[in-house]
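Below: the structure, in structure tokens.
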Amino acid sequence: MTGTWSLLRLVLRRDRLLMPLWIVCLAIAPMGYLSSIKAAYPDAAARQHFYDLNASSATFLVRNGPLYGSSVGNLLAWQCGFVPVVVGLIALLTVVRHTRTEEEAGRRELTGATVVGRHAGLAAAVLAACGACLVYGILVGLGVGAQGVPFAGAFALGLGFSLAGWVFAAVGAVAAQLTWGASGARGAGIGVLVLAFLLRAAGDSGSAGWLAWLSPIGWAHRMRPFAGEQWWVLLLAVSATGSLVVLAVALSARRDLGAALLPARLGRSGARASLRSPLALAWRLQRGTLLVWTGCLALVGLLMGGVAQNVAETMRDNKAVADVLSRLGGGGGVMDAYLAGTMTLFGLAAAGYAVQATLKLRAEEAGGRAEPVLATAVGRIGWALAHLTFALAGSAFLLTVTGLATGLAYGASLVPAALAQLPAVWVLAGLSTLLVGLVPRFAAAAWGLLGAFLLLSLVGSALRWNEVVLGISPFQHLARLPGGTFSVTPVLWLVAIALVAGIGGLAALRRRDIPVG
Amino acid sequence: MAEAITADGLTKAFGPVKALDGLDLTVHTGEVHGFLGPNGAGKTTTIRVLLGLMRADGGRATLLGGDPWTDATELHPRLAYVPGDVTLWPNLTGGEVIDLLGRLRGGLDGKRRAELVERFDLDPRKKGRTYSKGNRQKVALVAALASDVELLIFDEPTSGLDPLMEEVFREVVEEERDRGDRTVLLSSHILSEVEALCDRVTIVRAGKTVESGTLDELRHLGRITIDASLAHVPADLAALPGVHDLSSYGSHVHLSVDQPALDDVMRHLAEAGLRNLVSRPPTLEELFLRHYRHDEPVGAAR
């Protein structure tokens, strides 16, 4: 482990902006929720009403986890239900970025040849990620606790987030040993994360509550912040993290630098006749991502659609709940409201795919793989459009399949409702293109935009933020289908914005140096 | 047309760093042209400007009679390019990359491809991520050389190749040269390679052209090295104009002479009773070092 300390400092130096940024942004969020909750539900009666509405309905438990009570703290913990997934994702990506990506870029070789221990790089990455998660958890505890809710609950909430980060940092460490290359490791890690989310969702919404105990995301909720904190869950998480790190070290000791435990196979000695255009190349490079996204979202769609059925049955059985719910939704629109909310989730996810597919342009450029293609008869616009085809048509395909799967499980056609999200998805693709064209070095800011829209859509509307602020998100202007009324004007506006941004991005791409100097 | 490539006073700055600072380059059609310079001299930037990947801030460039920036897609089917740092798509095999790049360029000679794969001892079935640097280089070389194009642009093509493969590369380029209808621009800092392959060379330093011409022409600018055994060593030898680096042991002298002073120096040596004489023209290395050794260090991006 010699050299771990200096490598740790290297990791912190490289992440000196990114790490504080996510810690602070994600720490401010719960504090914001807290004051919004206090404003929206000022007295015990309002909160009790909220509790009655949500605690018994499986639909919302899928998204946010169990609602343990009607205190301000309980509502806060429930509102933060998605945070463990985000923290887990960040921790996972951090570890892969500082292990496998380093190895792929050949920089690991550079440090590996100096006086550092064999596992120092792995140790430094895991320590950095876990340390950041701990700092984040403590900040949440202090920040939330300072606003007049019990400190014990505040810290259980914060450390619950940290715990999810720790376990997924270790998952990232294992994934980084298993596959060829960083993208494979990221894919495997995110797969585990999705599985953990689904297990938690299934456990919380159905009768098989033990399923949630199989999921590190579930553990964060089982800390029971503000509801009789179960501190021993932390021990569970620490030992799971420890075991996974030991596994990662053992795996890493068995493989060579750059190699994988899962072996690589030999491929074709020549290209198929069809591999002859930029579009065919883009298909080869993008199809894996598209299929994984489609598979994951279709699975989630089946789950959400299936749970919707469950809700319908619950409502039939429980006349009182049904009355409350339908008063809230107006008419018989509660089921529709649930489905429309689900579609917003899918729209945001499809936008994530669109951003990833668009940023592939930048990845190809930065990786030096755009240069040989552009030195052939392929023009810049043709090259860019080949990848953008996947951002635009790929996201349409993704939404169609997801709508189909949700509708299949629910028992009605939801494809149009899913496709209604498309204009907002395209806006993100257009904005990403603009960033790639204009400020290629900061193209990753597209993820920041998506994160902001996600915050506005999922949290802002629930907490009744100002309409003008909410309107920044393109998802706010979409028809809420099923149930809502579809109008053409906002769709035209969104498509026009997407087009203008996209064309602007392409024009900038045509004018600039590749690779950018 | 007589000139495949012309560049006239190219300038290009990346922020505060001047990568090109008035660079000139002329490559005649049908020749193998060496493009020499140390790391960071501006070779890669020049090539990127010629490929229309980057736009020069100033100066003019033509490529195969067209403008490299505006006519890029019309010009590119007529050339093939091997970048200095070859990166391949991790999930495509070497063979697929060769075929793909060939097709995107407008066609590939299947027989020539097979022959080159054989000669470069390349396994085309491996995935891009599993190739070593040298093997990635070979993939790009085969893809370029198997295309029937007018102009080949190589940016430090043999970095990463083993000596055996360097030799294969030399043979292949010599064959191309002997065909006579292909133009090759070979950027390199391996002098023996340039000396063996190139008709003309351009030497650049800190984004400027410092020397350009045939190797013979350049040699005239350098110093000739002389080793001689004499009956007696004349005392005034060191004082003669144009004599440098004189050393002697016993009756043996070693010196280098500027080209114009050679006649005079030889007369002096002959008078001193020549018993043995070895003279050697300046190597490219000496020419090259002449421009760099005593100059102030410069920091410029490639």
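Using the Cα atoms of region A:1-70 to build a convex hull, what is its mean projected area in square nanometres?
7.6
Please compute the net charge surrounding A:Q356, taking Lys and Arg as +1 and Asp and Glu as -1 over other residues with Cβ under 14 Å from its Cβ.
For residues surrounding A:Q356, the net value is +3.
So if I place +1 on the C-beta of Lys and Arg and -1 on the C-beta of Asp and Glu, and nothing else carries charge, what would the dipole magnitude of chain B be about its Cα centre? I want it in debye, nearest 20.
1100
Can you compute log10 of I(q)/I(0) for region A:277-517 with the Debye formula, treating each Cα as one identical point scatterer, at q = 0.08, 0.09, 0.16 Å⁻¹?
Debye intensities relative to I(0), on a log10 scale: -0.34, -0.42, -1.11.
Given 25 °C and 0.890 mPa s, how large is the Stokes-Einstein diffusion coefficient of region A:140-289 in µm²/s, with Rh as the Kirkwood radius over Cα pairs?
135
Roughly how large, in nm² to one decimal, is the mean projection of the convex hull of the alpha-carbon atoms in region A:24-110?
For the Cα atoms of region A:24-110, the hull's average projected area reads 7.2 nm².
Given B:I226, B:F154, A:V171, which one lies farthest toward the positive end of the charge dipole of the protein assembly as shown, if we put +1 on the Cβ of every Lys and Arg and -1 on the Cβ of every Asp and Glu?
Of the candidates, A:V171 comes out farthest on the positive side.
Tell me the Kirkwood radius of chain B: reciprocal of the mean inverse pair distance over distinct alpha-carbon atoms, in Å.
After inverting the pairwise mean of 1/r, the radius is 21.3 Å.
Find, to one decimal place in angstroms, the Kirkwood hydrodynamic radius of region B:225-264, where the mean of 1/r is taken over every pair of different Cα atoms and then inverted.
It is 10.3 Å.
If you take each beta carbon of peptide B:98-111 and count the beta carbons of other chains within 10 angstrom, what is the mean?
For peptide B:98-111, the averaged partner shielding equals 5.
Could you work out the pair-distance distribution P(r) of region B:2-74 from its alpha-carbon pairs, with 5 angstrom bin width and percents rounded to whole numbers?
Histogram of Cα-Cα distances, whole percents per bin: 4, 16, 28, 26, 18, 6, 2, 0.
With +1 on the Cβ of every Lys and Arg and -1 on the Cβ of every Asp and Glu, and nothing else charged, how large is the dipole of region A:1-258 about its Cα centre, in debye rounded to the nearest 20?
For this selection, approximately 440 debye.
Please go through the residue pairs B:K12/B:K127; A:K360/B:K111; A:K360/B:K133; B:K18/B:K126 and name each one whose alpha carbons sit more than 32 Å apart in this structure.
Too far apart for the 32 Å limit: B:K12/B:K127; A:K360/B:K111; B:K18/B:K126.
With N set to the residue count of region B:151-302, report its C-alpha Rg divided by 2.2 N^0.38 Å to two decimal places.
Working it through for region B:151-302, the quotient is 1.31.
Considering just Cα atoms, how many Å³ per residue does the convex hull of region B:1-149 enclose?
It is 131 Å³ per residue.
For region A:428-510, restrict the atom set to alpha-carbon positions and state the Rg and Dmax in Å.
When restricted to Cα atoms, region A:428-510 yields Rg and Dmax of 14.4, 44 Å.
Rounded to the nearest 0.05, what FRET efficiency is calculated for A:L279 and B:E167 with R0 set to 45 Å and r the Cβ-Cβ distance?
That pair, A:L279 with B:E167, gives E of 0.70.
Scan chain A and note any complete DSSP helix (H) whose C-alpha atoms cover at least 27 Å along its axis and whose Kyte-Doolittle average is 0.5 or more.
In chain A, the long hydrophobic H runs are A:18-40, A:120-145, A:151-178, A:181-205, A:232-254, A:278-317, A:334-366, A:488-511.
Would you work out which of A:S274, B:G9, A:S243 lies farthest towards the positive end of the dipole of the protein assembly as shown? Charges go on Cβ: Lys and Arg +1, Asp and Glu -1.
Going by the Cα projections, it comes out as A:S243.
Can you compute the charge dipole magnitude of the protein assembly as shown about its Cα centre, using +1 on each Lys and Arg Cβ and -1 on each Asp and Glu Cβ, nothing else charged? Give it in debye, rounded to the nearest 20.
3260
Plugging the Kirkwood radius over Cα pairs into Stokes-Einstein for the protein assembly as shown, at a temperature of 10 °C and a viscosity of 1.306 mPa s, what D comes out in µm²/s?
Here the translational diffusion coefficient equals 52 µm²/s.
How many percent of the alpha carbon pairs in region B:186-269 exceed a separation of 15 Å?
Counting every Cα pair in region B:186-269, those more than 15 Å apart make up 65 percent.
Which value in deg cm²/dmol, rounded to the nearest 500, describes the helix-derived mean residue ellipticity at 222 nm for chain B, given -39,500 (n - 2.57) per DSSP H run of n ≥ 4 and division by the residue count?
Result for chain B: -9500 deg cm²/dmol, rounded to the nearest 500.
Can you bin every Cα-Cα distance in region A:1-258 into 10 Å intervals starting at zero and give me the percent of pairs per bin, rounded to whole numbers?
8, 31, 32, 19, 9, 2, 0
No lab work stands behind these numbers, since they all come straight from the coordinates. Every value quoted in this text rests on a predicted model; they were computed, and no experiment measured them. As a convention, Cβ positions derive from the backbone with ideal geometry for all residues, glycine included, and neighbour counts pool all protein chains shown.
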